[in-house]
Structure formats: structure tokens, C-alpha cells
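Visitor: Once you've had a glance at the structure underneath, I'll fire off some questions.
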Amino acid sequence: MKGKAEIREFVLGLLTGSGDDGPLADDDSLLNSGRLQSIDAVEIVVFLEENFGIDFTQIGFDRDQIDSIDAIYALTRTARSGD
């Protein structure tokens, strides 16, 4: 089962790729804080669609859903449970 560790690894890769090697807590803002950009949001959406089967055409998209590792993980749990 895929989980928070995989999400964290992916997000850390995005941050490192943009030159951000600072500490990251699971509840730290990624997009609203400016640590990641809009193109990174697209990468996160594609990652979630491919690895967790989330269909954003069904659930809609809200930037806050992917603004932290905790938020992304909660989204994957909700999508799995069908809520």
C-alpha cells in the first residue's frame, strides 16, 4: 500500500529540484508559501493520478488539497475510501 512516505519522497524531490533543501514538516505549506510553483502542482496532480488512482475530473481540484504532505495524504485516504 502506498502512503505518506512515498508522498514525502516525491515532494522532497520537487523541492530539491527547485533548489529548496530546507527542512520540511508534514504540515508545512508547499504552494501557498511559495516553496513550490504552479508547475509543481501539476506534477503533484499527475503523481496522484498515476500512483493513487485519484481522478481530479471526478473530485474537482482545490489547491489546498495538495498544499502539504498531510493534505495530500488525507486526499489519498479520502479517495481510497470513496468519500
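Visitor: Rounded to the nearest 10 degrees, what's the angle between the helix 69-81 long axis and the longest principal axis of the chain, both from Cα atoms, 0 to 90?
Guide: 10
Visitor: Hull surface divided by four, with the convex hull built on the Cα atoms of the chain: how many nm²?
Guide: Mean orientational projected area (the chain, Cα hull): 5.0 nm².
Visitor: Packing-wise, with mean Cβ within 10 Å as the measure, how do 31-40, 3-12 rank, highest first?
Guide: Numbers: 31-40: 13.7, 3-12: 15.5.
Packing order, densest peptide first, comes out as 3-12, 31-40.
Visitor: Here's a follow-up. Multiplying the sequence separation of residue 16 and residue 74 by 0.36 nm and subtracting their Cα-Cα distance, what value in nm do you get?
Guide: Numbers: separation 58, 0.36 × 58 = 20.88 nm, distance 2.33 nm.
So the extension gain works out to 18.6 nm.
Visitor: Hey, rough spin-label estimate for residue 46 and residue 62, points 7 angstrom out along Cα→Cβ, what's it come to in nanometres?
Guide: Taking the two extended label points, one gets 2.6 nm.
Values quoted throughout were computed directly from the atomic coordinates according to the rules given, and no laboratory measurement underlies them. Model, not experiment: these values are computed from the prediction. Methodologically, a virtual Cβ is constructed for each residue, glycine included, from the backbone with ideal geometry; neighbour enumeration extends over all protein chains shown.
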